[in-house]
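Visitor: Sharing a structure here in structure tokens format.
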Amino acid sequence: MKIWKLEQLKQQPKVDEMVLAKAEEILKVLNVHYGDDRLVTDLGGYILLDIEEIHTFINQHSTLIPEYIESFEGRDSNQYVEVLFMLSSDDHVVLYLLKETLDQDYPALVKQYEALEGGE
């Protein structure tokens with residue numbers, strides 16, 4: 001599910017509280033700049049939390065390199081990452097997933113980011 005409204009985010013079951021808090025911050029910023037009544041097809045972007053949707057997104061946009069990858073610890077003590085992709089200058093996609101999943105399933109993506117952006 002593409003999440004672009006705060007109401008949608010609050011309906012997500014079994015998501016770590018820290019992930020939800022970071023995602024809420026992103027949505028609030030997008031809403032300030034692009035409006036909270038926007039559609040997913042409008043400018044601004046959206047968030048992905050579901051691993052299958054994340055996998056599909058990464059496969060469909062295999063040439064994209066993240067603008068940033070930020071690690072953080074969840075309230076459940078797991079290591080997560082926030083990954084920002086820019087589809088255009090006004091279309092952002094932010095992914096939240098376990099750091100272990102990113103490292104294991106998408107090592108090429110991490111290496112490209114580190115090589116081009118001087119990432120972590």
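Bear in mind these aren't lab numbers, they're just calculated from the coordinates by the rules spelled out. From a predicted model like this one, the values you see are computed outputs, not experimental measurements. Note that each Cβ is placed from the backbone with ideal geometry, even for glycine, and that neighbours are counted across all protein chains shown.
Visitor: Can you report the number of residues in segment 88-111 which are assigned to a strand (DSSP E or B) and surrounded by 12 or more Cβ atoms within 10 Å (Cβ to Cβ)? Before you say what the answer is, go through the steps one by one.
Guide: Kept after step one, since they are assigned to a strand (DSSP E or B), are these residues of segment 88-111: 88, 91-98.
Then drop every residue that is not surrounded by 12 or more Cβ atoms within 10 Å (Cβ to Cβ), which leaves 91-98.
Result for segment 88-111: 8.
Visitor: Here are some conditions: (1) in a helix (DSSP H, G or I); (2) more than 22 Å from residue 108 (Cα to Cα); (3) not aliphatic (A, V, I, L, M). Residue 38 meets all but one. Which one does it not meet?
Guide: (1)
Visitor: Given (1) part of a strand (DSSP E or B); (2) under 15 Å from residue 16 (Cβ atoms), where does residue 84 come up short, assuming only one miss?
Guide: (2)
Visitor: Restricting attention to segment 26-43, report how many residues are exposed (fewer than 13 other Cβ atoms within 10 Å of the Cβ) and hydroxyl-bearing (Ser, Thr, Tyr).
Guide: Within segment 26-43, residues that are exposed (fewer than 13 other Cβ atoms within 10 Å of the Cβ) and hydroxyl-bearing (Ser, Thr, Tyr) number 1.
Visitor: How many of the residues making up segment 1-46 are touching a Lys or Arg at 6+ places or on another chain (Cβ under 6 Å) and closer than 19 Å to residue 80 by Cβ?
Guide: In the first step, residues of segment 1-46 are kept if they are touching a Lys or Arg at 6+ places or on another chain (Cβ under 6 Å); the result is 16-18, 40, 44, 46.
Narrowing further to those that are closer than 19 Å to residue 80 by Cβ: 16-18, 46.
Of the residues in that region, 4 qualify.
Visitor: I need the full set of residues from segment 41-61 which are in a loop (DSSP other than H, G, I, E, B) and touching a helix residue (DSSP H, G or I) at 6+ places or on another chain (Cβ under 8 Å), in order please.
Guide: Correct list: 42, 43, 49.
Visitor: Of the numbered conditions (1) surrounded by 12 or more Cβ atoms within 10 Å (Cβ to Cβ); (2) in contact (Cβ under 8 Å) with a residue 24 or more places away in the chain, residue 116 fails exactly one; give the number of that condition.
Guide: The one condition residue 116 does not meet is (1).
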